[in-house]
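> Please find one structure pasted underneath; my questions will follow.
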Amino acid sequence: MTYRTMPKVELHTHLEGCAPPSFIRGLAAEKSIDISGIFNADGTYAYRDFDHFLKVYEAACTTLQGPQDFYRLVKAVLEESASHGVVYQEAFVSPDFCGGGDVAAWRDYVAAMEAAAAEAEAEFNITLKAIVTCIRHFGPDAAKPTALCAAETFGDFITGFGMAGGELAGRPGDFAYAFDQAREAGMPLTCHAGEWGGPDMVADTLRDLKVQRIGHGINAIKDPALLEQMAEAGTVLEVCPGSNVFLKASGGWAQHPIQRLRDAGVKVTVSTDDPPFFGTTMTHEFEMLAKTFGWGDEDFNDVNQNALAAAFCDDETRTKIAKRLENR
Ligand code: HPA
Ligand code: ZN
C-alpha cells in the first residue's frame, strides 16, 4: 500500500482553505472579480506570513458568494481529499463567510453543503462533517451570532463548534459566552491554540472554553505539567505538521514536536489545515512523517484511531469508518 492509498481520518481542515487556486480563479473569472494580486506567477497562493495569509484567505473567500458556490466547493474539496485516501474529514465552516452570520441565510448554505457532501459520499466514498467556527480576530461580539448559527443547525452534518482566525487576538475567556452557548446546545468543542500562542494559551483554552480538542497545540511541548494534564484528561491535538513547518510556527520537520507530544502520552492526530495554501496533502504529511520519524503502519493506525475516537460524528458513522480502517 502506498502513502497515497493508505486510509486517513482528518479532523482539522478549513473548508475554504482547501479550495484549489484554480477553483477560486474560476469563480473570480465568472464574477469578474479581480483578485490576481493573491496569486504567484505559478498560480499558487501568495502571502508573506500568517497575518497576510489570513487576508489572502479572506480575499479568496470573496469569490464564494452563495450556497451554490459552496456546493461546488464541497464537491471539489472532497474529490481531492478522497484522491489522497481520506475516508473521513471534518472541515471548519464559517457563517461569517456564508450570509454574514444571519441564521436564515446560513441554513441555505448548510443545506447546499450537506447536499454536496451526500453526493460526494456516493461518488468518492468519503464522509464529511462540518464544524462551525467563529473567527477570533472578528472579536467576541461577532462570535455570539456565529454560535447561534451553530446551535440552530447542530445535527447530522454540523456536528461541532470551534474558533479559528488570529490566535493572538484577545484571550480565550473573552469568547466564553459563545462557547457556553454551543456547549449548552450539546455541541462538542475545539479551538485553535498553541500554534502562535504559548502553553498558557492552551491551558487557558482548556480551562475557560472547556474544549475536548485543541487545534495545533504544539507549543504545549514547552510545559511538562500541561502535557501531563492533557495526557490524563485525554485531550486530543489536531496537529498539522506541514502547516507548522510552512508557516514557521515550528522549526523544520526534524524539529517538529509531534513525536515528542506522542512520547509524553498526548493523543495526537494528523491534518493538513489549508492544503493548497501550505503546499501539502495528506499523502505528503504521511510521507514526511515516515521519512522524518520513521513512522510505519502502527503509527499511522494509531493517529487514525485517535482521530476516529475524537471525531465529532454519530456512532453509526464511527462504526462505518472503523470498518474502512480495518480493511486497509
Ligand atoms: N488558522 C487559523 N485560522 C484560519 C486558518 C488557519 O490555518 N485558515 C483559515 N482560517
Ligand atoms: Zn487551522
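> Out of all the residues in the stretch 140-151, is one or more surrounded by 23 or more Cβ atoms within 10 Å (Cβ to Cβ), within 15 Å of ligand 2 (Cβ to nearest atom), touching a residue at least 24 places away in the same chain (Cβ under 8 Å) and among the hydroxyl-bearing types (S, T, Y)?
no
> So in the stretch 190-204, with the set limited to residues that are of a type in the set (A, V, I, L, M, F, W, C) and within 15 Å of ligand 2 (Cβ to nearest atom), which one is farthest from the chain's Cα centre (by Cα)?
By that ranking, first place goes to M201.
> Being touching a residue at least 40 places away in the same chain (Cβ under 8 Å) and in contact with a Cys (Cβ under 6 Å, 6 or more places away or on another chain): is that true of V77 here?
Against the criterion (touching a residue at least 40 places away in the same chain (Cβ under 8 Å) and in contact with a Cys (Cβ under 6 Å, 6 or more places away or on another chain)), V77 qualifies.
> Please find, within the stretch 40-63, the residue that is nearest to ligand 1 (Cβ to nearest atom) out of those that are in contact (Cβ under 8 Å) with a residue 24 or more places away in the chain and of a type in the set (G, A, S).
By that ranking, first place goes to A60.
> Name the residue that is farthest from the chain's Cα centre (by Cα), counting only residues in the stretch 152-174 that are in contact (Cβ under 8 Å) with a residue 40 or more places away in the chain, more than 16 Å from ligand 2 (Cβ to nearest atom) and crowded, with 16+ Cβ neighbours inside 10 Å.
Within the stretch 152-174, the match that is farthest from the chain's Cα centre (by Cα) is E152.
> If you don't mind, there's one more thing I want to ask. Return the residues of the stretch 126-172 that are away from ligand 1 (no atom under 16 Å from the Cβ), under 21 Å from R318 (Cα atoms) and in contact with a strand residue (DSSP E or B) (Cβ under 7 Å, 6 or more places away or on another chain); say none if nothing qualifies.
Answer for the stretch 126-172, where residues must be away from ligand 1 (no atom under 16 Å from the Cβ), under 21 Å from R318 (Cα atoms) and in contact with a strand residue (DSSP E or B) (Cβ under 7 Å, 6 or more places away or on another chain): I126, T127, L128, K129, F157, I158, T159.
> With in a loop (DSSP other than H, G, I, E, B), within 16 Å of ligand 2 (Cβ to nearest atom) and either under 26 Å from A307 (Cβ atoms) or not small (G, A, S) (or both) as the only criterion, which of Y57, Y47 stands out?
Details: Y57 fails: in a loop (DSSP other than H, G, I, E, B).
Result: Y47 is the single residue among Y57, Y47 that is in a loop (DSSP other than H, G, I, E, B), within 16 Å of ligand 2 (Cβ to nearest atom) and either under 26 Å from A307 (Cβ atoms) or not small (G, A, S) (or both).
> Filtering the stretch 232-290 down to residues that are among the hydrophobic types (A, V, I, L, M, F, W, C), part of a helix (DSSP H, G or I) and over 15 Å from V303 (Cβ atoms), which residue is nearest to ligand 2 (Cβ to nearest atom)?
If we take residues in the stretch 232-290 being among the hydrophobic types (A, V, I, L, M, F, W, C), part of a helix (DSSP H, G or I) and over 15 Å from V303 (Cβ atoms), then L247 is nearest to ligand 2 (Cβ to nearest atom).
> So how many residues does the stretch 8-23 have that are of a type outside the set (K, R), away from ligand 1 (no atom under 16 Å from the Cβ) and touching a Phe, Trp or Tyr at 6+ places or on another chain (Cβ under 9 Å)?
1
> From the set of residues in the stretch 101-148 that are acidic (D, E) and in a helix (DSSP H, G or I), which is farthest from Q68 (Cα to Cα)? Reasoning before the result, please.
Within the stretch 101-148, the subset acidic (D, E) is 102, 108, 114, 119, 121, 123, 141.
Restricting the remaining residues to those that are in a helix (DSSP H, G or I) gives 108, 114, 119, 121, 123, 141.
On the way: D108: 9, E114: 12, E119: 14, E121: 18, E123: 19, D141: 28 Å.
My answer is D141.
> Select from the stretch 179-194 the residues that are surrounded by 24 or more Cβ atoms within 10 Å (Cβ to Cβ) and over 13 Å from A130 (Cβ atoms) and write down the one among them that is nearest to ligand 1 (Cβ to nearest atom).
Here the residue is H192.
> May I ask you to verify whether C98 is under 27 Å from G186 (Cβ atoms) and either surrounded by fewer than 24 Cβ atoms within 10 Å (Cβ to Cβ) or in contact (Cβ under 8 Å) with a residue 40 or more places away in the chain (or both)?
Considered against the rule, which asks whether it is under 27 Å from G186 (Cβ atoms) and either surrounded by fewer than 24 Cβ atoms within 10 Å (Cβ to Cβ) or in contact (Cβ under 8 Å) with a residue 40 or more places away in the chain (or both), C98 comes out as no.
> A further question follows. Considering each of G37, G66, G26 in turn, give the residue that is modelled with pLDDT under 95 and more than 16 Å from ligand 1 (Cβ to nearest atom).
G37
The values are calculated or read from the model by the stated rules, or taken from the named source; none is laboratory data. None of the values given here were measured: they were computed from a predicted structure. Quick reminder, even Gly has a Cβ in these numbers, built from the backbone with ideal geometry, and neighbours come from all protein chains shown.
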